[in-house]
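Colleague: One structure follows; several queries about it will come next.
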Amino acid sequence: METSKNSNIKIKKSLFDDFINKVYLSYSNIKENKIFKYSFILLFIKTILFILLISSDKAVSIGTNITFHSVLPILVYISFISLSLSFAFLFKGLCHLWFFTVLDILITTIYIADLWYYRSNHAFLSYHMLKATSNLNNLSDSVLAMGRRIDILFILDILVLIILSIKYSKIYKNTKRNLLSFLILFLLPVLYLTYVHYKVDILKKGFENEFIFKTSWSQNQTMASLTPIGYHIFDLYRYYEECQPYNLSKSEENEIKNWFKQKQEVLPDNKYKALFKGKNLIVLQAESLENFVINNKINGEEITPNLNKLLRNSLYFNNYIEQTYNGTTSDAELLSNTSLYPIRSGSTFFRYPDNTYKNSLPNIMKSLGYNTLAVHPDKGSYWNWLPALKSIGFENCYDSSYFNIDEVIGLGLSDRSFLKQLAPLIERQKKPFYSFSITLTSHSPFSLSKQYKQLHLDNSLEGTRMGGYFQCVKYTDTQIGVFLDNLNKSDLLDNSVVVIYGDHEGVHKFFKDEVDSMKNKESWWDNNDLRVPLIIYSKGLKGETISTTGGQVDFLPTISYLMGADSSQYTSSSIGRNLLNTKRSFAITSTRQYIGQDSKENDFFLKGIDLSDKIIRADYFK
Ligand code: GP9
Ligand code: MN
């Protein structure tokens, strides 16, 4: 009896020794694996470079303001790198060897895609954006323009790994699959990440305001906590969660109702009330049109002579802030027509194209007896605008398939051809009507070909991004001039109000670094401060410049007031306010910056961003 017990213990001990031996061998196998070591170091350096880059404003140079971490969570970074490299040990021979290069190429693609997206949108890619791949049509120039010289650093290590892999071919030919090495590299990081999540996120024992697996209002913070590898793993979980139907709790519903109530300003009506009652409403959203070009000249030539002329008979808002987010152009359409901020993750039009907005601008105009139409020079699938605008309330929608595509510049139909064909289309509409259109030609990368350039720029400006931008804006301005002339010829202008605004910044949105590093620039080119012009033109109107700070979310209440809608039609459903009858002067940017007159209510208005997110995700107005 005693001897059998002893022999059992001996067997167990030898099994255990055997196991420890195997673990030790696998550990040595990892330690002595040269290609693994180099891959690890290179990926680590690349990750740190990425985090430092996104700590600068436009991710074009190494930033010093490392986002929200007093010390970078290096062990978390190591864990995610280890996790991704662990899979190499499931392969044998040359597959094992080349796995590292293939993985590095894949990860580099993600890093670069994130950087480029961040440079234009101040956000990182999410799985929701996979739905928006149709947008990449004709966009290659704009996408490639987001690359910067520093990005070369991200591909250098791929070359190093290729050279090393060729060099080591012979050594690795007979490498065996090693399940235990895989498990060590996979399970240890998982255990560590679970521990750190529990300690920092649940017990809150990290540094102040520090967290790991949590969505921050600033995506940089989440990225700096998790690395792009961890960020996209975590995003997969968030994607799953966000795809579940969102039901508001009773308290969330009350919060929304109270917010709308508290936001209201009760002020006596003024001269703007119903100023344009009964007139047709023609809205033109101009691509990348910034405010700094308005009323300015280059070499004595006006950049926007037609818009400048319009100002004599317009209400001109010169502190009107763009508030677009992941849906760029489409977000400007959403903001203007629904008075809601775009959702915080992915594009609103792609994620929620079927939402209903009872008090949208087209619906308000319909209630005033208007016929409504939305017209784009691009395909209805671009940003999914056609189904989304239909749901928002436009009765008739015309996309590029309606037009004769006889002249293409950059993204699509030229502004010249589009606006020439648009005039007769809207003239034919049953009056009164509300027509909503966008222009395309002044889209990034701002490189018009010679025959379309009109400004006579100095050699030092011609060929720069700023010079290209001026030429694009001048081109669009000319086409808007022709468009208005055509409407005038048919007497339509006598009975219409024309509203023109920029969808978002252009040269300052995508190429701020190039603007900053320009030599021989004039001081007014430096900053545009997120402003886009809002011009509300009506023949015979006495021009006025209104310097109240506001944003695109305020479009709907402001226009509705001018068109004569009753305020009850928008006050309890618009996040924005009527800029023509308000004591407040501020706007909130998509990155939650508060711009304008400081007040005790900053936080209250900032909340509008989160409430919009909930309203859209729960289809609150249905
Ligand atoms: C086409 C175009 C897209 O809809 O306006 O512009 P973007 O969203 O890239 O600014
Ligand atoms: Mn745009």
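The values are calculated or read from the model by the stated rules, or taken from the named source; none is laboratory data. Every value quoted in this text rests on a predicted model; they were computed, and no experiment measured them. FYI the Cβ positions are ideal-geometry reconstructions off the backbone, even for glycines, and counts take in every protein chain you see. In case anyone asks, the SASA skips ligands and DNA or RNA and just uses the protein heavy atoms, side chains included. Shrake-Rupley method; radii C 1.70, N 1.55, O 1.52, S 1.80 Å.
Colleague: Starting from region 485-541, pick out the trypsin sites (Lys or Arg not before Pro) whose DSSP state is loop and whose Cβ has at most 10 other Cβ atoms within 10 Å.
Modeller: Working: sites: LYS489, LYS509, LYS512, LYS519, LYS521, ARG531, LYS539; in loops: LYS519, LYS521, LYS539.
In loop regions of region 485-541 (DSSP not H, G, I, E or B), the sparsely surrounded trypsin sites (Lys or Arg not before Pro) are LYS519.
Colleague: Let me ask something additional. In whole angstrom, how far apart do the alpha carbon centroids of region 368-409 and region 167-239 sit?
Modeller: Taking the Cα centre of each part, region 368-409 and region 167-239 sit 44 Å apart.
Colleague: Right, here's the next one. What aspartates and glutamates does LYS521 reach when the alpha-carbon gap must be under 13 Å and sequence neighbours fewer than 8 apart in one chain are set aside?
Modeller: ASP458, GLU462
Colleague: Considering only protein heavy atoms, with the full assembly of protein chains and a 1.4 angstrom probe, order CYS472, CYS397 by accessible area, largest first.
Modeller: CYS397, CYS472
Colleague: Sticking with this one: Could you calculate the FRET efficiency of PHE260 with TYR198 from 1/(1 + (r/R0)^6), where r is the beta carbon distance between them and R0 is 60 Å, rounded to 0.05? Don't skip to the answer; put the middle values down first.
Modeller: Values: r = 39 Å, r/R0 = 0.65.
Calculated transfer efficiency: 0.95.
Colleague: For GLU301 and LEU159 in one chain, what is 0.36 nm times their gap in residues minus the Cα-Cα distance, to one decimal in nm?
Modeller: 46.2 nm
Colleague: Still on this model: I need the calculated FRET efficiency for the pair ASP406 and LEU15, taking r as the beta carbon distance and R₀ as 60 Å, to the nearest 0.05.
Modeller: E between ASP406 and LEU15, to the nearest 0.05, is 0.15.
Colleague: Which sequence of SER547, SER169, SER330 reflects their accessible areas, 1.4 Å probe, from the largest down?
Modeller: Per-residue accessible area, sorted high to low, gives SER547, SER169, SER330.
Colleague: Of the chain, which part is the longest with no GluC sites (Glu not before Pro) in a loop (DSSP not H, G, I, E, B) and with at most 16 other C-beta atoms within 10 angstrom?
Modeller: 33-207
Colleague: Expressed in nm to one decimal, what extension gain is obtained for the pair ASN6 and GLN451 from 0.36 nm per residue of sequence separation less their Cα-Cα distance? List each step's numbers first, then the result.
Modeller: Numbers: separation 445, 0.36 × 445 = 160.20 nm, distance 9.47 nm.
Separation in residues times 0.36 nm, less the Cα-Cα distance, equals 150.7 nm.
Colleague: For the pairs LYS273/LYS430; LYS279/LYS431; LYS390/LYS489; LYS366/LYS431, note any where the Cα-Cα span goes beyond 19 Å.
Modeller: LYS273/LYS430; LYS390/LYS489
Colleague: Further, regarding this structure: So how far apart, in nm, are the two label points at ASN488 and ILE48 if each is 7 Å from Cα heading toward Cβ?
Modeller: So the label points at ASN488 and ILE48 sit 6.4 nm apart.
Colleague: Determine the calculated [θ] at 222 nm for the chain from helices alone, applying -39500 (n - 2.57) to every DSSP H run no shorter than 4 residues and normalising by the residue count; nearest 500 deg cm²/dmol.
Modeller: Helices in the chain give a 222 nm mean residue ellipticity of -14500 deg cm²/dmol.
Colleague: Pairs to check: LYS13/LYS173; LYS131/LYS358; LYS31/LYS214. Give those whose C-alpha atoms are more than 28 Å from each other in this structure.
Modeller: Numbers: LYS13/LYS173 35 Å; LYS131/LYS358 26 Å; LYS31/LYS214 33 Å.
Pairs exceeding the cut-off: LYS13/LYS173; LYS31/LYS214.
Colleague: Evaluate the distance, in nm, between pseudo-label points positioned 7 Å from the Cα of GLN593 and of LYS214 along their respective Cα→Cβ axes.
Modeller: Rounded to a tenth, the inter-label distance reads 2.6 nm.
Colleague: Further question on the same structure: Within the accessible area of region 33-243, what % is carbon and sulfur when the probe is 1.4 Å and the other protein chains stay in place?
Modeller: 70
Colleague: What aspartates and glutamates sit close enough to LYS277 to cross-link, taking a C-alpha to C-alpha distance under 17 Å and skipping anything fewer than 8 places away on the same chain?
Modeller: By straight Cα distance, LYS277 reaches ASP269, ASP494, ASP566.
Colleague: Using the alpha-carbon centroid of each, what span in Å lies between region 448-502 and region 541-573?
Modeller: 26
Colleague: Taking the Cα of GLU522, stepping 7 Å toward and past its beta carbon, and measuring to each backbone N in region 275-298: which are under 15 Å?
Modeller: 291-298
Colleague: OK, next. What lysines could a cross-link reach from LYS450, if we take a straight Cα to Cα line under 22 Å and drop same-chain neighbours fewer than 8 places away?
Modeller: Partners within reach: LYS297, LYS420, LYS474.
Colleague: Sort VAL196, VAL408 from largest to smallest accessible area, using a 1.4 Å probe on the heavy atoms of the protein chains.
Modeller: VAL408, VAL196
Colleague: Quick one: length gained pulling ASN270 to SER61 fully straight, 0.36 nm per residue minus the C-alpha distance?
Modeller: 70.2 nm
Colleague: Something else about it: Normalised by the number of residues in region 319-438, what is the relative contact order in percent for Cα pairs under 8 Å and 6+ residues apart?
Modeller: 25
Colleague: Can you pull the percent of region 365-414's accessible area that's carbon plus sulfur, 1.4 Å probe, other chains left in place?
Modeller: Of all accessible area on region 365-414, carbon and sulfur atoms account for 50 percent.
Colleague: How long are the semi-axes of the equivalent ellipsoid of region 271-618, defined as square roots of 5 times the Cα gyration tensor eigenvalues? Whole Å, largest first.
Modeller: Sorted largest first and rounded, they come to 28, 24, 20 Å.
Colleague: If a helix is a whole DSSP H run, which ones in the chain reach 30 Å or further along their own axis (Cα) and hold a mean Kyte-Doolittle hydropathy of at least 0.5?
Modeller: Those that clear 30 Å and a mean of 0.5 are 93-121.
Colleague: Computed on alpha carbon atoms, what radius of gyration and Dmax characterise the chain, expressed in Å?
Modeller: Radius of gyration, then largest Cα-Cα span, for the chain: 28.7, 112 Å.
Colleague: Still on this structure, I have one more. Quick check: convex hull of the Cα atoms in region 492-603, volume per residue, rounded to a whole Å³?
Modeller: In region 492-603, the Cα convex hull volume per residue is 159 Å³.
Colleague: Rounded to the nearest whole Å², what accessible area per residue is found for region 33-243 with the 1.4 Å probe?
Modeller: Counting only protein heavy atoms, the per-residue value for region 33-243 is 50 Å².
Colleague: Still on this structure, please answer the following. With every protein chain left in place, what is the accessible area per residue of region 468-622 in square angstrom, probe 1.4 Å?
Modeller: Working: 5420 Å² over 155 residues.
That works out to 35 Å² for each residue.
Colleague: Counting only DSSP beta bridges with both residues in region 271-618, tell me the antiparallel percent, nearest 5. Provide the component values of the computation, followed by the final result.
Modeller: Working: 17 of 42 bridges.
If I count the DSSP bridges inside region 271-618, around 40 percent turn out antiparallel.
Colleague: How many angstrom separate the Cα center of region 283-326 from the Cα center of region 14-63?
Modeller: Taking the Cα centre of region 14-63 as reference, the centre of region 283-326 is 51 Å away.
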